[in-house]
Amino acid sequence: MPAKVVLRKGRTGKFTFTLEGPTGQILATSADHPNLRAAKAAIASVQKNLSGASVDDRSASSTVAKKTTTRKAAAPRKAAAKKTTAARKTAAKKTTVRKTAAKKTTARKAAPRKAAAKKATVRKTAAKKTTAARKTAAKKTTVRKTAAKKTTARKTAAKKTTARKAAPRKAAAKKTTARKTTARKTAAKKTTARKTTARKAAPRKAAAKKTTARKTAAKKTSAARKTAARKTTVRKTAARKTAAKKTTARKTTARKTTARKAAPRKAAAKRTTVRKAAPRKTAVRKTTVRKAAPRKRVTAS
C-alpha cells in the first residue's frame, strides 16, 4: 500500500495536509493554507518535486561547530588556570621569605645573649634551613604545577568526552521532541475529529432515542388498549353469562310456577273428563248388552 496525502480543515477554517506512510505513520506535516485551492496547489507541488528532491545533511557541520565552540570556551579557562597557578606560586614564595626573615630576626635578637661562637653556628643553621625550605618550596611548587597540568588535562578530556556524548543525546532529544510534537498534533487532530463526530452524532442519537421512546410508548399504549379491551370483553362475557343464568333461573321459576298453577286445573279437567266419559261408557255397555242379548237367545233355541 503506497503512501497517501490526507487533507483536513481546521477549526479556524484553514487547510492542512499530512503525508502518511503505509502503516498510517505521519511522515510530514504541511503549514496552514488559507483556502482549499492553495492547499491543493501545495499538494500538487509536493507530488511533483518529492521524487527528485535531494538530501541536505547538516548534522556533521553542526557537530564540528559545537567542537570549535567547546575549544574556544576552554581556552579562557586554561588561561585562568595558569594565572591562578602563578598567583599561588608567588604567594608561596612570599610566605617563605617572611618565614626566613622572621627566623633571621629571631637569631639576631638572640645573638647578643649567646656567645660569639654560636653566631657562626646559627648562621650555618639558618643557611641550611633556608636552602631546605627553598628546596621544599620548589618541590611543592613543581608538584602543584604537575597536579594543575594533570587536572587541566583531565578537565579538557572530560569536556571533550561530555561534548561528544552530549551531541548524540541532543540530536536524539531533538528527534524525540519532534516525534512527540507530531504525535501530540496527530492526537489533537484525532481528538478534534472524534469530538466533531460525536457532536454530529449527538442529535442523531437523541432523535433515535426519542423515536425509540415514542415507539415504546405506542407499544405500551397498544398493549394497554388490548389489555383493557380483553378486560372489557371478559366483563361483558361474564355479564352476559350472569344475565343468561338469571334469565334461565327466571324461566325455570316461571315454569315451576306455571306447572304448580296448572296442576289443579289438569286434575279438575281429568276429573271432569272422567265424569263425562262414565255415562258414555255405561250407555255403550248397555247398548252392547242389548244388541248381544237376542243373538244369545237364538243360539239357545
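What follows draws every value from the coordinates through simple rules; no lab data is involved. The structure presented is a predicted model; accordingly, all values stated were derived computationally and were not measured. Cβ coordinates were reconstructed from backbone atoms using ideal geometry, including for glycine residues, and neighbour counts include every protein chain displayed.
Per-structure values
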item	result
Distance histogram for segment 104-147 (every C-alpha pair counted, 10 angstrom bins, percent rounded to whole numbers)	26, 35, 21, 14, 4
Nitroxide proxy distance, nm - points 7 Å out along Cα→Cβ at K270 and T232	5.6
Given charges at Cβ of Lys, Arg, Asp, Glu: segment 204-283 dipole, positive-most of A259, A244, T272	A244
Whole-number Å³ per residue for the convex hull built on Cα positions in segment 83-215	202
Extension gain, A117 back to V284 (0.36 nm per residue minus Cα-Cα distance, nm)	37.9 nm
Computed E for R169/A91 - FRET, C-beta separation, R0 45 angstrom, nearest 0.05	0.60
Computed [θ] at 222 nm, deg cm²/dmol, the chain (DSSP H ≥ 4; -39,500 (n - 2.57); rounded to nearest 500)	-32000 deg cm²/dmol
For the chain: relative contact order, % (alpha-carbon pairs under 8 angstrom, 6 or more apart)	9
Segment 97-198: trypsin sites (Lys or Arg not before Pro) falling in loop per DSSP and having at most 14 other Cβ within 10 Å	R113, K114
Placed amide H near A28: partners under 5 Å, 5+ positions off or other chain	L19
Rounded FRET efficiency, nearest 0.05, which uses the C-beta distance separating T152 from K124 and R0 of 35 Å	0.25
K245-A224 FRET efficiency (beta carbon distance; Förster radius 35 Å; 0.05 resolution)	0.65
Given (1) 80, 43, 29; (2) 66, 39, 38; (3) 241, 77, 42, the label whose value is Cα extents along the principal axes in Å derived from this model	(3)
Computed lengthening from A263 to Q25, 0.36 nm per intervening residue step minus Cα-Cα distance	74.3 nm
Segment 223-278: projected area of the alpha-carbon convex hull, averaged over directions, in nm²	4.4
Computed magnitude of the charge dipole of the chain (debye, nearest 20; Cβ of K, R +1, Cβ of D, E -1)	2800
Magnitude of the charge dipole, segment 4-48, Cβ model with Lys/Arg +1 and Asp/Glu -1, debye to 20	200
